[in-house]
Amino acid sequence: SQKIEQNSEALNIQEGKTATLTCNYTNYSPAYLQWYRQDPGRGPVFLLLIRENEKEKRKERLKVTFDTTLKQSLFHITASQPADSATYLCALEEGAGTASKLTFGTGTRLQVTL
Amino acid sequence: DVKVTQSSRYLVKRTGEKVFLECVQDMDHENMFWYRQDPGLGLRLIYFSYDVKMKEKGDIPEGYSVSREKKERFSLILESASTNQTSMYLCATDGGQGHEKLFFGSGTQLSVL
């Protein structure tokens, strides 16, 4: 069956360190992969999109990698800050078409402490 | 900035009631989506619409219907609410070019008693 796995346990790291979150998938062939941030009681907010033919994408302190052989994406936040504390969701898109029909993972909660 | 507005943040309804969840977007986006989010299950797509009066089922459409009479407004309808429909409901839009980011509303936490 199809599955998207993100670590369900919270990730606790110290301010200033690099946070690395993992998204593994099985029985998907995604053409695109996206990462979102979600704060409690709010809707997800888009962070980054990476295509299957891209190995890495960066935006400010954020970096995403996409390994279609390992069926894995890694999401890195460098120099993490308490304000980065949130739940981070990965989402896959397989097909063609003009609607972004995404399948989401369950998310990993990141807690950055002083 | 795109604004996606959901009419209610919190809603409490009784079993068997007909429930309407409203979503309005201000960016003239083609596509609109309804997701529900449950602990441990993540976001699951209920329905989406790619044009006025056009709709397509998502992964979990049972017990729901939708309406899109105007481009900016997409409604989710629970014909006869049940307790297993207690959830966070999230509306989203994208620009209609394919493979784009989604813009989400703040969500409606629905409790069915």
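The values are calculated or read from the model by the stated rules, or taken from the named source; none is laboratory data. Just so it is clear, the model here is predicted, and its values are computed rather than measured. Methodologically, a virtual Cβ is constructed for each residue, glycine included, from the backbone with ideal geometry; neighbour enumeration extends over all protein chains shown. These area figures cover heavy atoms from the full protein model, side chains too; ligands, DNA and RNA do not enter into them. Shrake-Rupley method; radii C 1.70, N 1.55, O 1.52, S 1.80 Å.
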Completion exercise
Here the whole-number average of other chain Cβ atoms within 10 Å per Cβ of B:30-40 is 3
Exercise for the section: Can you tell me the dipole magnitude for chain B around its Cα centre, using point charges on the Cβ only (Lys, Arg +1; Asp, Glu -1), in Debye to the nearest 20? Expected result: 340 debye
Practice task
Could you pull the Cα extents of chain A along its three principal axes, largest to smallest, in whole Å?
Solution key: 43, 29, 25
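Of B:MET54, B:MET32, which has the most accessible area with a 1.4 Å probe, and how do the rest follow in descending order? Walk me through the numbers on the way to the answer.
Details: B:MET54 80, B:MET32 0 Å².
Descending accessible area places them as B:MET54, B:MET32.
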Exercise for the section: Please arrange B:SER49, B:SER7, B:SER106 by accessible surface area, largest first, computed with a 1.4 Å probe and ligands excluded. Expected result: B:SER7, B:SER106, B:SER49
Problem - Mean separation of Cα contacts under 8 Å (6+ apart) over length of region B:4-101, as relative contact order % - result: 35 percent
Handout entry: Residue-level accessible surface for B:LEU41, protein heavy atoms, 1.4 Å, Å²
Key = 90 Å²
Handout entry: At 1.002 mPa s and 20 °C, Stokes D of the protein assembly as shown from Kirkwood alpha-carbon radius, µm² per second
Key = 119 µm²/s
Exercise for the section: Convert each backbone phi in region B:21-26 into a coupling constant with the Karplus relation 6.51 cos²θ - 1.76 cosθ + 1.60 (shift: θ = phi - 60°), then list the ³J(HN,Hα) values in order as whole Hz, x for Gly and Pro. Expected result: 10, 10, 9, 10, 10, 10
Practice task
Leaving ligands, DNA and RNA out of it, work out the accessible area of B:ARG68 with a 1.4 Å probe and give it in Å² to the nearest 10.
Solution key: 10 Å²
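Given just the C-alpha atoms of region B:4-101, how large is their convex hull per residue in cubic angstrom?
Expressed per residue, the convex hull around the Cα atoms of region B:4-101 is 100 Å³.
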Completion exercise
Sorted list, accessible surface of protein heavy atoms, 1.4 Å probe, largest first, for A:TYR28, A:TYR36 is A:TYR28, A:TYR36
